[in-house]
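One structure is given here, and the rest of the page talks about it.
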Amino acid sequence: MCGIVAYAGHRQAHPVILKGLKRLEYRGYDSAGIALLNGSLQVYKKKGKVEELEKHLAEAATPANLKSHIGIGHTRWATHGEPNDVNAHPHYSQDGKLAIIHNGIIENYDALKKELILNGHTFKSETDTEVLIHFIEYIRQQDDYSLEEAVRIALKRVIGAYAIVIISADEPDMLIAAAREVRWCWAWAKMSSFWPLMPHRSSNTPMKWWYLNDDEVCVIRNHTFVIKDLNDVPTNPHIQTLDIELEAIEKGGFDSFMLKEIYEQPKSISDCMRGRLNADTHTIMLGGLQEYTEHLVQANRIIIMPVALPGMPGW
Ligand code: GLU
């Protein structure tokens, strides 16, 4: 299951983000990537472990490239397109100025992609995520919308489940985050971050945290944040103060990690199936298979085989 980390603050962003991604490694993933803003957008991504990404950064990025105080990082669990460097997140807009990380599935990505191709867009990856960032860019260009407006309009047309974060080379002090059916947590101290970044909290700074609810868009700019719904109406997040230690948070109130994992199994299973089951129509939706539908309906026999995934024995 993928992980998302975003950071805007006074520190150098990439060590904070990499540390956050490592804290999320236990969730399982197939590739990792990071986007940083410092004048322009720098994107680094690699198939495999966060360690591979670190090596790639050490080889490919100059110290000047890494001098950034805002960035986004992702560990991917592929649903659309095989695990490789190109399909890894972050993904770019057509003009290379917007970058997105995404957890979840955009179910109507194929229809949106066709519409975008008709309007001159070309795609590098096979992912639904790249379609979403091109779609936001496309809407933005239609009526000179702000990025925040374009995100809201695009998300109204999107079917699926997602947690996203977007950064823009034109607005280098801004992060935009949104969610639907993917529960995730934001935290705020002197910096904006969330719980994988807990070790960065200075001990006397109370950290505030909240969950982003369905169809809420959070805009973080210049060390303040505003949360609104898709109709641009401000919402009131339930903000809480974090007054427990990291290990206690990680154990989620259980005495041991093993107990926590046992109790989390139902949630882990429903997370795996999120976006792939339609409870209303009682159908399943396996995005990666869509383009083979014709062959599949004509097949005499379908054999389902287990495949080793990152983090599983045998990988
Ligand atoms: N659907 C996206 C992809 O295949 C995101 C997968 C994820 O949640 O990591 O790239």
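The values are calculated or read from the model by the stated rules, or taken from the named source; none is laboratory data. Predicted, not measured: the structure shown is a model, and the values here were computed from it. As a convention, Cβ positions derive from the backbone with ideal geometry for all residues, glycine included, and neighbour counts pool all protein chains shown. With ligands, DNA and RNA removed, areas are computed over all heavy atoms of the protein, side chains included. Shrake-Rupley method; radii C 1.70, N 1.55, O 1.52, S 1.80 Å.
Remarks
- For TYR138, the conditions (1) within 24 Å of ASP173 (Cα to Cα); (2) surrounded by fewer than 23 Cβ atoms within 10 Å (Cβ to Cβ); (3) touching a Ser or Thr at 6+ places or on another chain (Cβ under 8 Å) are fulfilled apart from (3).
- Matching residues in segment 85-117 - criterion: being more than 13 Å from the ligand (Cβ to nearest atom) and open to solvent by less than 20 Å² (accessible area, probe 1.4 Å): SER93, LEU98, ALA99, LEU112, LEU116
- Residue count for segment 19-50 satisfying the condition of being more than 24 Å from SER268 (Cβ to Cβ) and not β-branched (Val, Ile, Thr): 11.
- Checked against (1) without any contact (Cβ under 8 Å) to a residue 12 or more places away in the chain; (2) part of a strand (DSSP E or B), ALA111 passes all but a single condition, namely (2).
- For segment 1-11, the candidate set comprises residues that are touching a Phe, Trp or Tyr at 6+ places or on another chain (Cβ under 7 Å) and in a loop (DSSP other than H, G, I, E, B); within that set, the residue that is nearest to the ligand (Cβ to nearest atom) is CYS2.
- Single residue of ALA189, ALA161 found to be modelled with pLDDT under 95, of a type in the set (Gly, Ala, Ser) and open to solvent by less than 10 Å² (accessible area, probe 1.4 Å): ALA161
- Residue within segment 52-64 that is within 24 Å of LEU230 (Cα to Cα) and within 16 Å of the ligand (Cβ to nearest atom) present: no
- Checked against (1) within 16 Å of the ligand (Cβ to nearest atom); (2) open to solvent by 10 Å² or more (accessible area, probe 1.4 Å), ALA178 passes all but condition (2).
- Qualifying residue in segment 110-118 (condition: closer than 21 Å to GLN141 by Cα and touching a Leu at 6+ places or on another chain (Cβ under 7 Å)): no
- Pick from segment 145-158, criterion open to solvent by less than 10 Å² (accessible area, probe 1.4 Å) and not small (Gly, Ala, Ser), ranking: farthest from MET273 (Cα to Cα): LEU147
- Test: residue in segment 133-145 that is within 12 Å of the ligand (Cβ to nearest atom), of a type outside the set (S, T, N, Q), under 14 Å from ILE166 (Cβ atoms) and touching a residue at least 40 places away in the same chain (Cβ under 8 Å): yes
- Per-region count, segment 12-54, residues part of a helix (DSSP H, G or I) and open to solvent by less than 10 Å² (accessible area, probe 1.4 Å): 7
- When segment 18-51 is filtered for residues that are under 16 Å from ASN65 (Cα atoms) and within 16 Å of the ligand (Cβ to nearest atom), the ones remaining, listed by number, are GLY33, ILE34, ALA35, VAL43, LYS45.
- Within segment 68-84, the set of residues being more than 8 Å from the ligand (Cβ to nearest atom) and not in a strand (DSSP E or B) comprises SER68, HIS69, GLU82, PRO83, ASN84.
- On inspection, LYS124 does not qualify as part of a helix (DSSP H, G or I) and either charged (D, E, K, R) or near the ligand (Cβ under 10 Å from one of its atoms) (or both).
- Pairs, first open to solvent by less than 20 Å² (accessible area, probe 1.4 Å) in segment 66-84, second near the ligand (Cβ under 6 Å from one of its atoms) and of a type in the set (Phe, Trp, Tyr), C-beta under 7 Å, six or more apart: none
- Flag if VAL131 is open to solvent by less than 20 Å² (accessible area, probe 1.4 Å), in contact with a Phe, Trp or Tyr (Cβ under 7 Å, 6 or more places away or on another chain), β-branched (Val, Ile, Thr) and more than 25 Å from ASN222 (Cα to Cα): yes
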